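See below for the structure under consideration.
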Amino acid sequence: MNTDFLLHYIAFPLIKIAILLAAVFTVVAYIVLVERRLLGFFQSRLGPNRVGPFGLIQPIADGMKLFLKEDVVPLNANPVLFKLAPVFAFFPPFVGFAVLTFALPLIMPSGKMHSFSVADVDLGILLILSISSLGIFGIILAGYSSGSKYPLFGSLRSASQMLAYEVPLTLSVIAVIMMAGSFRLSDIVAAQQTYKLYFVIPGIIAFVVYLISVVAETNRTPFDLPEGESEIIGFHTEYSGMRFAFFFMAEYANVVLICMLTPALFLGGYDIPFVNDLELYKAHPYLVSTLGFISYAAKSTLFAFFYIWIRATFPRYRYDQLLKVGWLVLLPISLFNLFLVAGIKLFLLK
Amino acid sequence: MEAIKNFFKMVTFPELFKGLSVTAKYLFQRKVTEEYPDFKPSIPYRYKGKLHVQIETCISCRLCEKACPEGCIKVFPPPKEQMKIDKRPAEFYLNQEHCLHCSLCVESCPTGSIHHSYEFELVVTNFKELLFNKETLPYNQIKKQYKWNYIENVPIKTETTPLEKKENSK
């Protein structure tokens, strides 16, 4: 009994965490490369292809470079907060991965149910939303502690942007929660499987609002005012080397998290399209789990491609336009959509 | 009707999809990047590369030597008696290190013996590699190397020179 407890409550979760972290770090490192190469293709260039075959060792080279750089703390900076800020920005996206479910659960030979998630908690989606809004503390602390005016302005911009887009994002996610009737991510996917309908169809307005606000949440190009790579100066101006890498990785971890969350919410997650999963699962559980994982990965990859495509296409919003879109367009639309979804839930989804 | 059209336009964001389709087109287009060390670039027709001297047709008139603003070229004509039968220079020095690729020598040459090649890789590890005399003037090796893009703009004389005639008759 004691060994059973050790196995199922300590050993397995630890192994899962190790695998998940390794996978997430690899994906975060490689999505940077994929984005740079795809952006190159979108601009009729080739992108980085010098280090290794097709540039596959580029992330390692970048990491080495950042790791070997000098660690500068400005004289005017508040050293404690300055060193704390990257950590604050870094950890929230990685927490979010814990509640994702990657495939249908399997029943082990010992009789125990084995789910493909680290912690499939009841309030999974709420946890992701609340933890990811903690990430803003890192940005604000970075701007505040740098002892320089530009980062401070950058972080203020970022804070108001995040506030403006957190609300429509949450409201559009609430539409999904209403349709599924649960906060648990695996339940949301299960609801889509039982209805045989992806929530993208009844919740198309929610999906559009979600797409726009998610791009703004992750500070990506049409809304990348906090960073402002080319002309306006962002919150991590004073950061260099590994501390900058923390912000950079946090941004891309957020992107990966969103790319994995969106299919679960709107596109059926690990559901295999055009197949009745739940019936097939009774006959071939292992096959369905594997194929489900592959379909989840494929959906996430497609969404990631779409994300990069958006970045390659649209120019940046002006600051007042950004806030106007957030508060005056997306918020009313998503509120109206809640009523619509409530009607759909009452009369159509049964 | 107009109002419905406008509403439809507002809801479906046609401009956004227009932009996305433009970038998607670029995704599959041919890339403009020159992968130089892996693939040699194609060189324009009138490219002014390394100077090539065709010593066989040179008449030792020293016009190129006078035209050169940098003084890269030194031509030593043969002795007067030989000049009557064979005008090829006794010695020809070319200092590629100082060459401006201005093509003034090419314009001045009455026989078209000096001309630009398509060779553009002029990096050397030793300056002495850029100094040429009559024997080491680069001509034949380069022709093989740049076969695909080498256009001969100077016709090589096929008839035998007076010197060769003399040698043949002996």
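The values are calculated or read from the model by the stated rules, or taken from the named source; none is laboratory data. Because the structure is predicted, anything quoted here is derived from the model rather than measured. Positions of Cβ are generated from backbone atoms using ideal geometry, with glycine treated the same way; all protein chains shown enter the neighbour counts.
Every listed requirement among (1) touching a residue at least 12 places away in the same chain (Cβ under 8 Å); (2) farther than 30 Å from B:S117 by Cβ is met by B:P14 save one, (1).
Would it be correct to say that B:Y47 is among the hydroxyl-bearing types (S, T, Y) and either surrounded by 10 or more Cβ atoms within 10 Å (Cβ to Cβ) or touching a Cys at 6+ places or on another chain (Cβ under 7 Å) (or both)? Break it down stepwise before answering.
Details: among the hydroxyl-bearing types (S, T, Y): yes; either surrounded by 10 or more Cβ atoms within 10 Å (Cβ to Cβ) or touching a Cys at 6+ places or on another chain (Cβ under 7 Å) (or both): yes.
Yes, satisfied.
Yes/no matrix, rows are residues, columns are (1) part of a helix (DSSP H, G or I); (2) touching a residue at least 24 places away in the same chain (Cβ under 8 Å); (3) under 20 Å from A:V214 (Cα atoms):
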{"residue": "A:E35", "(1), (2), (3)": "yes, yes, yes"}
{"residue": "A:D62", "(1), (2), (3)": "yes, yes, no"}
{"residue": "A:L75", "(1), (2), (3)": "no, yes, no"}
{"residue": "A:L104", "(1), (2), (3)": "no, yes, no"}
{"residue": "A:L127", "(1), (2), (3)": "yes, yes, yes"}
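Do you know which residues across the range A:229-273 are small (G, A, S) and without any contact (Cβ under 8 Å) to a residue 24 or more places away in the chain? The one that is small (G, A, S) and without any contact (Cβ under 8 Å) to a residue 24 or more places away in the chain: A:S230.
For the range A:130-162, give me each residue that is touching a Pro at 6+ places or on another chain (Cβ under 6 Å) and either farther than 21 Å from A:L322 by Cβ or not in a helix (DSSP H, G or I) (or both). Talk me through it step by step, then tell me what you get.
Applying the first criterion (touching a Pro at 6+ places or on another chain (Cβ under 6 Å)) to the range A:130-162 yields A:131-132, A:134-135, A:143, A:147, A:154, A:157-158.
If the condition is that a residue be touching a Pro at 6+ places or on another chain (Cβ under 6 Å) and either farther than 21 Å from A:L322 by Cβ or not in a helix (DSSP H, G or I) (or both), then A:I131, A:L134, A:G147 are the ones that fit.
Right, A:D71: outside any helix (DSSP H, G or I), of a type in the set (D, E), touching a Lys or Arg at 6+ places or on another chain (Cβ under 9 Å) and farther than 29 Å from A:F314 by Cα or not?
Values: outside any helix (DSSP H, G or I): yes; of a type in the set (D, E): yes; touching a Lys or Arg at 6+ places or on another chain (Cβ under 9 Å): yes; farther than 29 Å from A:F314 by Cα: yes.
It is true that A:D71 is outside any helix (DSSP H, G or I), of a type in the set (D, E), touching a Lys or Arg at 6+ places or on another chain (Cβ under 9 Å) and farther than 29 Å from A:F314 by Cα.
Against the conditions (1) of a type in the set (V, I, T); (2) loosely packed, with under 14 Cβ neighbours inside 10 Å; (3) touching a residue at least 40 places away in the same chain (Cβ under 8 Å), B:I55 satisfies every one except (2).
Return yes or no: is B:S117 closer than 21 Å to B:I59 by Cα and modelled with pLDDT of 90 or more? Break it down into steps so the answer makes sense when it comes.
Values: closer than 21 Å to B:I59 by Cα: yes; modelled with pLDDT of 90 or more: no.
In short, no.
Entry remark, the range A:163-218: residues being free of Cβ contacts under 8 Å to residues at least 60 places away in the same chain, buried (at least 21 other Cβ atoms within 10 Å of the Cβ) and assigned to a loop (DSSP other than H, G, I, E, B) number 1 in total.
Just name the residue that is modelled with the lowest pLDDT out of those in the range A:112-154 that are of a type in the set (S, T, Y), in contact with a Phe, Trp or Tyr (Cβ under 7 Å, 6 or more places away or on another chain) and over 20 Å from A:D224 (Cβ atoms). Steps first, answer last, please.
In the first step, residues of the range A:112-154 are kept if they are of a type in the set (S, T, Y); the result is A:115, A:117, A:130, A:132-133, A:144-146, A:148, A:150.
Then drop every residue that is not in contact with a Phe, Trp or Tyr (Cβ under 7 Å, 6 or more places away or on another chain), which leaves A:117, A:145-146.
Applying the additional criterion that residues be over 20 Å from A:D224 (Cβ atoms) yields A:117, A:145.
Working: A:S117: 86, A:S145: 92.
Here the residue is A:S117.
For the range A:33-91, filtered to residues that are crowded, with 18+ Cβ neighbours inside 10 Å, more than 14 Å from every other protein chain (Cβ to nearest Cβ) and aromatic (F, W, Y), the residue that is farthest from the chain's Cα centre (by Cα) is A:F82.
Quick one: what pairs do we get from the range B:32-44, first residue at negative phi and more than 12 Å from chain A (Cβ to nearest Cβ), second outside any loop (DSSP other than H, G, I, E, B) and surrounded by 10 or more Cβ atoms within 10 Å (Cβ to Cβ), C-beta under 9 Å, 6+ apart or different chains? Taking only residues 6 or more apart or on different chains, the pairs are B:K40/B:N149; B:S42/B:N149; B:I43/B:N149.
In the range B:29-61, of all residues being β-branched (V, I, T) and closer than 30 Å to A:R45 by Cα, the one that is modelled with the lowest pLDDT corresponds to B:I43.
Which residue is surrounded by the most Cβ atoms within 10 Å (Cβ to Cβ), if the candidates are limited to the range A:104-146 and must be of a type in the set (A, V, I, L, M) and more than 18 Å from the chain's Cα centre (by Cα)? Steps first, please.
Just the residues of the range A:104-146 that are of a type in the set (A, V, I, L, M), to begin with: A:104, A:106-108, A:113, A:118-119, A:121, A:123, A:125-129, A:131, A:134, A:136, A:139-142.
Filter once more, keeping what is more than 18 Å from the chain's Cα centre (by Cα): A:104, A:106-108, A:113, A:140-142.
Values: A:L104: 26, A:L106: 16, A:I107: 10, A:M108: 11, A:M113: 9, A:I140: 21, A:L141: 23, A:A142: 32.
Checked the range A:104-146; the qualifying residue surrounded by the most Cβ atoms within 10 Å (Cβ to Cβ) is A:A142.
Table: residues versus (1) modelled with pLDDT under 90; (2) over 30 Å from A:I125 (Cα atoms); (3) among the basic types (K, R).
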{"site": "A:G52", "(1), (2), (3)": "yes, yes, no"}
{"site": "A:Q58", "(1), (2), (3)": "no, yes, no"}
{"site": "A:D71", "(1), (2), (3)": "yes, yes, no"}
{"site": "A:P92", "(1), (2), (3)": "yes, no, no"}
